[in-house]
Amino acid sequence: MDYVVFYLLGKKGYMVLLEFIKVFGSEKIAYVVIGKDKNIQLDYYEDIKSICDDYNIKYLNRDESIETFQGYKFAIGWRWIIKDMQNLIVLHDSILPKYRGFSPLVNMLINGEKEIGVTALFATEEYDKGEIIKQEKINIEYPIKIRKAIDLISRLYARLVIDICKLIFKQKQIKGIPQQEEEASYSLWRDEYDYFIDWNISAEKIKRIVDALGYPYNGAITLLNREKIIIDEVEVYPDIKIENRDVGKLIFVDEGFPIVVCGEGLLKIKKARYINNKPVIPVKKFRSRFGGTNDVYSF
């Protein structure tokens, strides 16, 4: 087969397109399907479109009528259903069969996984259950922000696509192997409530949550004296013995930074802002309370 099709979204899609053109040229692309993602601050829609314009690559928006393509298609960072599943290869942000489903990279970082990766698999009716074509993985160390993790796996995405396309253009058969169902786990979808911090958990996990939900996502959210704020940067602070561990309360101010009581440990808030982007720090009232998820529904 002489051509491939791409469904591209986000930095991963952008990086794959750049690397593919570098290795194979734009002439090997039949067309590209692009989409906008309102859930992140930078979805690379305009960047991908600009590359297509520069290299004279045909592109379609996801809501347009998309022609059937008999050859291989790649879904990179794609969040929507693709009806034409013949020869459709999906790249998924986990080392399958672990973390099937939604937001696997974010959930892996929140859980403190020491290894992240990408799986190329054939699409099936049941999500992320298809036969595995190839996987790439990398060890990580904490703390790590989501932006860095996306950079790392974007390179793995590009490597996988290039390796598979080399086989495709040599007319080699693309084979997959069945997943081990007994090893499968699932990653649940996330919505706006999942951005709220639960101060009952450990300071270490809250730190991972803040880092995993930062740019290009919208940031971890909490309430400060019942006013919504976004927390951008935190640091685990040495714990002390607290007789009445009332989570969410400010206990110290260190060099202007509030120290907040968590279910386990203390957390220093180094950078935070109100919804209008006005800085939170320095906190004006010492007797301040940082709200938890229970406050979301009554706010």
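Points to keep in mind about this one:
- Within the stretch 279-299, the set of residues being modelled with pLDDT of 55 or more, small (G, A, S) and buried (at least 18 other Cβ atoms within 10 Å of the Cβ) comprises just one member, G291.
- Selection within the stretch 19-42 - touching a residue at least 40 places away in the same chain (Cβ under 8 Å), open to solvent by 20 Å² or more (accessible area, probe 1.4 Å) and out of contact with any helix residue (DSSP H, G or I) (no Cβ under 6 Å at 6 or more places or on another chain): F24, K28, A30, N39, I40, Q41, L42
- Test for Y237: is it surrounded by 17 or more Cβ atoms within 10 Å (Cβ to Cβ) and of a type in the set (S, T, Y): yes
- Among (1) of a type in the set (A, V, I, L, M, F, W, C); (2) closer than 12 Å to S94 by Cβ; (3) in contact (Cβ under 8 Å) with a residue 60 or more places away in the chain, the one test that I132 misses: (3)
- Pair list, Cβ under 9 Å, 6 or more apart: the stretch 102-128 residue more than 17 Å from A203 (Cα to Cα) and of a type in the set (D, E), other residue assigned to a loop (DSSP other than H, G, I, E, B) and at pLDDT below 95: E125/M85
- Within the stretch 104-119, the set of residues being under 21 Å from A158 (Cβ atoms) and not in a helix (DSSP H, G or I) comprises E115, I116, G117, V118, T119.
- The stretch 210-230 - residue that is among the aliphatic types (A, V, I, L, M) and out of contact with any Phe, Trp or Tyr (no Cβ under 9 Å at 6 or more places or on another chain) and, of those, farthest from N111 (Cα to Cα): V210
- Residue in the stretch 254-266 that is under 27 Å from I146 (Cα atoms), open to solvent by 70 Å² or more (accessible area, probe 1.4 Å) and touching a residue at least 60 places away in the same chain (Cβ under 8 Å) present: yes
- Restricting the stretch 43-57 to residues that are in a loop (DSSP other than H, G, I, E, B) and closer than 20 Å to V4 by Cα, the residue that is least open to solvent (accessible area, probe 1.4 Å): I57
- Among (1) among the aromatic types (F, W, Y); (2) open to solvent by less than 50 Å² (accessible area, probe 1.4 Å); (3) out of contact with any Lys or Arg (no Cβ under 9 Å at 6 or more places or on another chain) - the single one Y193 does not satisfy: (2)
The values are calculated or read from the model by the stated rules, or taken from the named source; none is laboratory data. Predicted model, so just to flag it, every value in this text is computed and none were measured. In this analysis, Cβ positions are derived from the backbone assuming ideal geometry, glycine residues included, and neighbour counts consider all displayed protein chains. Areas reflect the complete protein model, heavy atoms only, side chains present, ligands, DNA and RNA absent. Shrake-Rupley method; radii C 1.70, N 1.55, O 1.52, S 1.80 Å.
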